[in-house]
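As structure tokens, the structure follows; a few thoughts come after it.
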Amino acid sequence: MRAFLPDYAIQAPGTLDEALRMLAAEPGAWTPIAGGTDLMVLFNAGRLPGRRLLDLSRIYELRGIEDDPSRLSLGSLITYTELLEQRAVHQFFPNLVKSARATGALAIQNRGTLGGNIVNASPAADTPPSLLAYGAEVQLVSARGSRWVAYDAFHQGYKKMDLAPDELVARIRLPKPQGLGFHFYRKVGTRQAQAISKVCLAAYARIQDRVVTELRVGLGSVAPVPLRARRAEAAVVGRALDALPIEEARRAVLEDISPIDDIRASAHYRQVVTGNVLAQMLKELGAARTA
Amino acid sequence: MEVHVIGASTIRKEGRGKVMGSAAYADDVDLPGCLLGMTVRSRCARGVLKGITFLEGVPWDEITVVTAADIPGKNFVAGHVDDQPFLVPVGGAIAHAEQPVLLLAHADRAVAEKARRLVRLDVEELPPLLDIEEALACVRVIHGERNVLKEIRIAKGDPEPVFAAAAHVVEGVYRTGAQEQLYLEPNVMIGTVEHGPAGLEVTVSGSLQCPYYVHDAMKQLFGIPGERVRVVALEMGGAFGGKEDYPSVIAGHAALLALKSGRPVKIAYDREEDMAATTKRHPSRTRIRSAFDAQGRLLALDIDFALDGGAFTTLSPVVLSRGALHAAGVYRCPDVRILARAVATNTPPCGAFRGFGAPQSLFAIERHMDVCARRMGMDPVELRRLNVLRQGDTMATGQVMREDPGLEGLMDRAMAAIDYRALQKAYAVRNAWDDPVKRGVGLSVFMHGCGFTGSGEATMASVAGVEGRPDGTVAVLAASTEMGQGKNTVFCQIVAETLGLPVDMVDMAEVDTKYVPNSGPTVASRSTMVVGRILEDAARGLRLALVQGGFLAEPYDPEAFREAMRAAHLKLGSLKTYGQYRANPGFAWDDKTYRGDAYPNFSWACYAAAVAVDLVTFEVKVEDFATVQEVGRVVNPTLAAGQIQGGVAQGIGWGLWEEVTFREGRMANNQLTNYIIPTAADLPHIRVEFLEGGSPFGPGGAKGIGELPMDGPAPALLNALRDALGDLRLDEVPMTPERILNRLEEARHA
Ligand SMILES: Cc1cc2nc3c(=O)[nH]c(=O)nc-3n(C[C@H](O)[C@H](O)[C@H](O)COP(=O)(O)OP(=O)(O)OC[C@H]3O[C@@H](n4cnc5c(N)ncnc54)[C@H](O)[C@@H]3O)c2cc1C
């Protein structure tokens, strides 16, 4: 452990109100900590800049699941393990199940939270592509009040979010897909477990009369933020299943993304593989049984 | 009573403690008043240290600071060549970016860590030399006249005229990357220094493979005789060669801090420091030119083998030697020329890692044989069958195959185990389908020389012993260390078998240089074969002493033996017998000409791999892996199979994923997140078959097995990839998804 422990302080408020008041009193002074699976890595390496930690774990308002006929609302403290225990998640959001299963290993799944995955804002995080594909919204709360923002507008730049220093992410809300749907998720890490994504693609499509009427493709690790492949989506929406413009979509997705060379993969590899995975997704979509 | 202990899977001697969590590793040892040490490193690949500044922010008066000026003896880590300083002195040269410059200690590790960040080094930077080709081309000269740390030439006949006349000449260049040993337990060392009647007395204990290497290093560092140095090997959480030479550096550092502070000092590297600063497998570049006749018979080999040794000599001469001696592989070849060089670069010194140079040169030759076969329109299996060594053939050094290595039989068994021909047929059909997953199968045939190279064992003249204790049990006295490979268990089995006792009557004495003789380093697949045989002698000596002393009558049962030891103790006080290495008659080696018997014997193997490549992501999945090896005698089947499976896992990692990324001479991916070793989910079922040929040199006929499994996987995998993907430039490991994409694009554009 390279951090100097006495340099750090931690507070654990018992209610949301108390937490929000603390944040309001000194905006930016506190670093919220949920499962700690991102923060403790930095701490161990002596690279955690925030010296005052606000432990969210006792705040019950950030927990719990609300299952409505039309949507599912998850408390931001929900862990991967808890996510995997939810019947509604399996039934309506299979990509989220795959994201959770592909995250770290069991110990991380037991501690890591959905809220932490979102706010850590790593472009390589594995649930954001699924949240994007399902059109998620996030609820932000502060002493000033509460607001809902569309998740695809939440990430604004590398580790920059539509999140004020006095705000917490309270809930994540997902509309339940209606009608005939197609779900696809693929994480490309270098190994089968405990891997950081080099490319991650999640897609949800709605099919009516063998035509793609709705498509959302969420991508990870190929831009400074998790993002929607809007150009590729546009190329496909409105097309018939047996005439999907795979090559056109492959070209379009290259316009959507802006990958870089880093320690895990080259930009070129990410470009080629994003196109390939998108093509694979569209082939599967084209072959979807609709009867 | 007949007791058979050799060949039984007796339970690991230290297994219980490890499983129950009671085993005490060095970091679990708390000495009263112990300080925690930190290392300030150069952070610049090449330059001159001009000065050191201590910034404000910690109570410097509480912190012990050691510089090169505090060294009582010689500021060089004892080794083949004295060129590596323990600490860079002010005014001295910096030769790599992780070079220790200054040491700090404090009772609170965090304070020491904070202090580490407050030391500024004033360095005049010089342009570094960072790779093999630049070093060979003498782009800059950083060592001697040509950047060559060691050069070896092996010659048999004269290949040059053969190339001119041969039906086929095939050339290839092959590269392998550095690899991190990644033992579970990072390096930890504890030092204490006392002022005894004769002067300084230095004790170091910790995680280390070779107690007497550390012993030598401490003698030289402190300028004191061996009686005043004590080295204790504690429980070790893996090593794989990575704790062969570097522990001497850390031990020296801990002891220097202990001398200065007057308190015990522990230095425990965390994973990041351990990965960045300590030794790796040598990166290599091998050029092979080979000549064949029209039928595919190998006529000549011209091999240029180069290793990146890093900034100092360390173990590079011996790693190079083993690499050179395995470079021609398992093939009969009348005319051979091998030029082997280890070059200096401004990177942290490379060191020992399971296989010790052999995986690098065997990767090249085994990949090359496949390339040659395809080039000549032959089946790679058939080309190998035609050319493998048989009884009476000579290897590159002139070593005669006194017995048949049975290589064709090994190939048959491995191919049967994986169902090679059936897979090939099925894949030929399936790979034509419109499916992005392509499959292939490939194999490698190889050997590993057991024990030290050439005259190494004779020079070392190892000693090991056994002690009859008053309670009627027997202790094994050897400096060989347990790093997970099973030495404790196997040594006890050998002694128990020789004495006709159950294995629970025998256990290991603590590996402490004060009590155990120098049985040599725990390296080179030598412990079972070489030290095991010395122990056999020592145990026979014990029995003989009891019989001749009238304490024991043969035949006897364990109870009688116990009684005899008690009685002998009462009368003699102590009961220890020793054995020493005996040269094998008829074997000769000339270190100057590199002619003769390079190893007393070899373990032989054929490995076959089945792979699937997904052309969507270029990821490779190893679907099946079969190993068949001839290892003389298997002393403990469970432990032996574990050695093979573990080695294969490391070989698969090296072949497909494990890449040390250097940036300006520093490891940039020194974290488990980005240095990708395989998980259980990435590994296939690894099939293990042993053939037991027996060997006259090891105890009960055993040969070495520890390193063998590291040699075969990489070439077998890349040969399988060739089978799956067609004619690609598969000339390098790790063959990562990025490289596969790159090679496919290259082939498409060609
Ligand atoms: C070994 C290992 C493997 C991993 N594997 C993966 C993987 O495969 N895929 C992947 O995506 N991630 C992975 N991670 C990263 C991490 O586990 C996830 O990002 C996890 O979801 C983080 O959640 P947490 O609760 O632990 O976050 P924390 O570490 O507690 O916090 C992360 C960030 O979010 C902020 N934060 C947390 N909750 C809130 C909130 N409610 N409101 C406002 N801000 C908040 C914190 O201030 C901090 O900046 C891995 C981590 C480790 C250590």
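Annotations for the structure displayed:
- When the square roots of the Cα gyration tensor eigenvalues are ordered a ≥ b ≥ c, the ratio a/c for chain B is 1.5 or more and a/b does not exceed b/c, which makes its shape oblate.
- Cα centre as origin, Lys/Arg/Asp/Glu Cβ charges: chain B dipole, Debye: 700 debye
- Inter-chain Cβ neighbour average for residues A:183-195, partner chain, 10 Å: 5
- Exposure proxy for B:T347, A:T31, B:T459: other Cβ atoms within 10 Å of each Cβ, ordered fewest to most, give B:T459, A:T31, B:T347.
- Average beta-carbon neighbours from other chains, 10 Å sphere, peptide A:261-273: 4
- Considering only alpha-carbon pairs that sit under 8 angstrom and 6 or more positions apart, the relative contact order computed for segment A:5-55 is 56 percent.
- With both labels modelled 7 Å from their Cα along Cα-to-Cβ, the B:D404 to A:L106 distance reads 5.1 nm.
- GluC sites (Glu not before Pro) lying in DSSP loop within segment B:1-80, provided at most 11 other Cβ fall within 10 Å: B:E2, B:E56
- Counted residue by residue at 0.36 nm each, then reduced by the alpha carbon distance between them, the extension gain from B:R287 to B:R153 reaches 46.8 nm.
- Point-charge dipole on Cβ atoms (K/R +1, D/E -1) for segment A:60-175, about Cα centre, debye to 20: 180 debye
- Annotation note: chymotrypsin sites (Phe, Trp or Tyr not before Pro) in segment A:79-161 located in DSSP loop regions with a Cβ neighbour count of at most 13 within 10 Å are A:Y158.
- Given A:K98/A:K198; A:K98/A:K176; B:K487/B:K703; B:K18/B:K621; B:K219/B:K514, the pairs whose alpha carbons are separated by over 22 Å: B:K18/B:K621
- Legend: ranking of residues B:K592, A:K176 from fewest to most surrounding C-beta atoms inside 10 Å; resulting order B:K592, A:K176.
- Point-charge dipole on Cβ atoms (K/R +1, D/E -1) for the protein assembly as shown, about Cα centre, debye to 20: 1160 debye
- Relative contact order, percent, chain B [alpha-carbon distance under 8 Å, six or more residues apart]: 16 percent
- Averaged over B:732-738, number of beta-carbon atoms from partner chains that fall within 10 Å: 3
- Helical content of chain B, expressed as a calculated mean residue ellipticity at 222 nm, amounts to -9000 deg cm²/dmol (DSSP H runs of 4 or more residues, -39,500 (n - 2.57) each, divided by residue number, nearest 500).
- Placing R0 at 30 angstrom, the Cβ-Cβ distance between B:R430 and A:R210 gives a FRET efficiency of 0.50 after rounding to 0.05.
- In nm, spacing of pseudo-spin labels at B:A165 and A:A12 (7 Å Cα→C-beta vector): 8.5 nm
- Contour minus Cα-Cα distance for B:T661 and B:A416 (0.36 nm per residue): 84.3 nm
- Simple rule: put +1 on each Lys or Arg Cβ and -1 on each Asp or Glu Cβ in the protein assembly as shown, find the dipole, and look at B:L339, A:A223, B:C44; the Cα lying farthest toward the positive end is A:A223.
- Neighbour-limited loop hits for GluC sites (Glu not before Pro), segment A:36-94 (at most 13 other Cβ within 10 Å; DSSP other than H, G, I, E, B): A:E85
- MRE, 222 nm, helices only [DSSP H, n ≥ 4, -39500 (n - 2.57), over chain A, to nearest 500]: -8500 deg cm²/dmol
- Listed from fewest to most Cβ neighbours within 10 Å, the set B:D434, B:D412, B:D28 follows the order B:D434, B:D28, B:D412.
- Dipole axis of the protein assembly as shown (+1 Lys, Arg; -1 Asp, Glu on Cβ), positive-most option in A:L163, B:A612, B:G596: A:L163
- Förster-model FRET efficiency, 60 Å R0, A:R21 and A:E284, C-beta, rounded to 0.05: 0.75
- The HN-Hα couplings worked out from phi for segment A:42-47 by the Karplus form 6.51 cos²θ - 1.76 cosθ + 1.60 (θ = phi - 60°) are 5, 4, 4, 7, x, 10 Hz, whole numbers, x standing for Gly and Pro.
- Projecting the Cα atoms of B:L35, B:Y427, B:I250 onto the charge dipole of the protein assembly as shown, computed from C-beta unit charges around the Cα centre, puts B:Y427 farthest toward the positive end.
- Each part reduced to its alpha carbon centroid, segment B:610-664 and segment B:503-574 end up 38 Å apart.
- Put simply, when B:473-480, B:541-548, A:126-133 are sorted by average Cβ atoms within 10 angstrom per residue, most first, you get A:126-133, B:473-480, B:541-548.
- Take the Cβ atoms of B:H80 and A:R251, set R0 to 60 Å, and the FRET efficiency comes out at 0.55.
- A:P224 sits among other residues whose Cβ lies under 12 Å from its own Cβ, and their net charge, with Lys and Arg +1 and Asp and Glu -1, is +1.
Bear in mind that the values in this text are calculations on the coordinates, not laboratory data. Being a predicted model, the structure only gives us computed values, none of them experimental. No Cβ is skipped: glycine too gets one built from the backbone with ideal geometry, and neighbour counts run over all protein chains shown.
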